[in-house]
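The structure appears right after this line, and notes come after that.
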Amino acid sequence: MFGLFGGGKKSPTVPVSAPIGLGAENWKELMSGNVAYVNGKKHATVNENMPQHRKANSESQLPLAGIVACSDSRVVPELIFNQGLGRLFTCVTAGNIVDSLVVGSLEFAVTVLQVKLIVVMGHTRCGACIAAVGAAKDGTEPVTRPGLVKLVHMSGQTTPPPPPPPAGHLEGLVGCLVPPARAAVESGASSDKVVDETSRRNAIYGAEAIITMSEKLKERFEKGELTVIAAQYDIVTGEVTPIHTFYPNKTLTEQGNEAAEMYNVVYN
């Protein structure tokens, strides 16, 4: 059911509060790969014979998980989770922003490739989040994320947000991160932690968006056929820490009320 993760040292096993059933073994595999990466070891799924490996994957793909990650050049999911070719279905945007194009890509991963686990992964020292924190402190108005005009927040709010104001592409991207940045600033996070807190909140926001924007993904989620996890990658240590899990077999409304109360991730 619904569970929360904290920090601390990891072992290559599923934490007791991790999802049981669909997605659990895949999450275990990712964490095992991350432990190997942190320790400087090559994981068993990384095939040394690349020409043969390419040929074996040329006819079809069966990804272990869908990953939404930042386009930061230091954040490479295949390396971080120590996975080989054909193992991860990755969607990469600056600030790991979840919009309609990302959701459409994930619909393909889930409905066609039968992916059972999606991880939205933020990271420490994120440049996009740094810019968003500065904008939030300056009083910049948030920009509605492209494709999120029909988003129903976990609080039950059904009024669509206003259309985005005119902005350049980069300004629009940063504006999409102003809501989690503003919430992080208002949470009282210290100046040395507010950027990483923004990244954490944004990952949770993105995970929520995945199962509210898409009827296809929401249906799989509510049937217990899809697990969505928000996580944070530390670019210094290499560790991935799960921070929030949307478990199957619990309605989005029930899950959302708990998430809103415990994390204040619904941005007004």
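The values are calculated or read from the model by the stated rules, or taken from the named source; none is laboratory data. Please read all numbers here as calculations on a predicted model, not as lab measurements. Cβ: placed from backbone, ideal geometry, glycine included. Neighbour counts: every protein chain shown.
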Subject >> Residues being more than 18 Å from residue 123 (Cβ to Cβ), among the hydroxyl-bearing types (Ser, Thr, Tyr) and crowded, with 18+ Cβ neighbours inside 10 Å - total across region 166-215 >> reply: 2
**OP:** Please name all residue pairs, on different chains or six or more residues apart, with Cβ atoms under 9 Å, provided the first residue is in region 194-222 and is within 22 Å of residue 135 (Cβ to Cβ) and the second residue is acidic (Asp, Glu) and surrounded by fewer than 23 Cβ atoms within 10 Å (Cβ to Cβ).
**Re:** 196/234; 209/99
Subject >> The one condition in (1) within 15 Å of the chain's Cα centre (by Cα); (2) at negative phi; (3) at pLDDT 90 or above that residue 100 fails to fulfil >> reply: (3)
Original post:
Residues in region 200-209: is at least one at pLDDT 85 or above, part of a helix (DSSP H, G or I) and of a type in the set (Asp, Glu)?
Top reply: yes
Original post:
Looking at this structure, is residue 67 touching a Leu at 6+ places or on another chain (Cβ under 7 Å) and either hydroxyl-bearing (Ser, Thr, Tyr) or at pLDDT 90 or above (or both)?
Top reply: yes
**OP:** Please find, within region 43-64, the residue that is modelled with the highest pLDDT out of those that are in a loop (DSSP other than H, G, I, E, B) and of a type in the set (A, V, I, L, M, F, W, C).
**Re:** 64
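Yes/no matrix, rows are residues, columns are (1) under 15 Å from the mean Cα position of the chain (by Cα); (2) at pLDDT 90 or above:
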{"residue": "157", "(1), (2)": "no, no"}
{"residue": "163", "(1), (2)": "no, no"}
{"residue": "192", "(1), (2)": "no, yes"}
{"residue": "220", "(1), (2)": "no, yes"}
{"residue": "233", "(1), (2)": "yes, yes"}
Original post:
Mind checking whether some residue in region 74-88 is at pLDDT 95 or above and in contact with a Pro (Cβ under 6 Å, 6 or more places away or on another chain)?
Top reply: yes
Original post:
Within the set of pairs 6+ apart or on separate chains, which have a first residue in region 84-99 that is in contact (Cβ under 8 Å) with a residue 24 or more places away in the chain and in a loop (DSSP other than H, G, I, E, B), a second that is buried (at least 24 other Cβ atoms within 10 Å of the Cβ) and among the polar types (S, T, N, Q), and C-beta atoms under 8 Å apart?
Top reply: 97/202
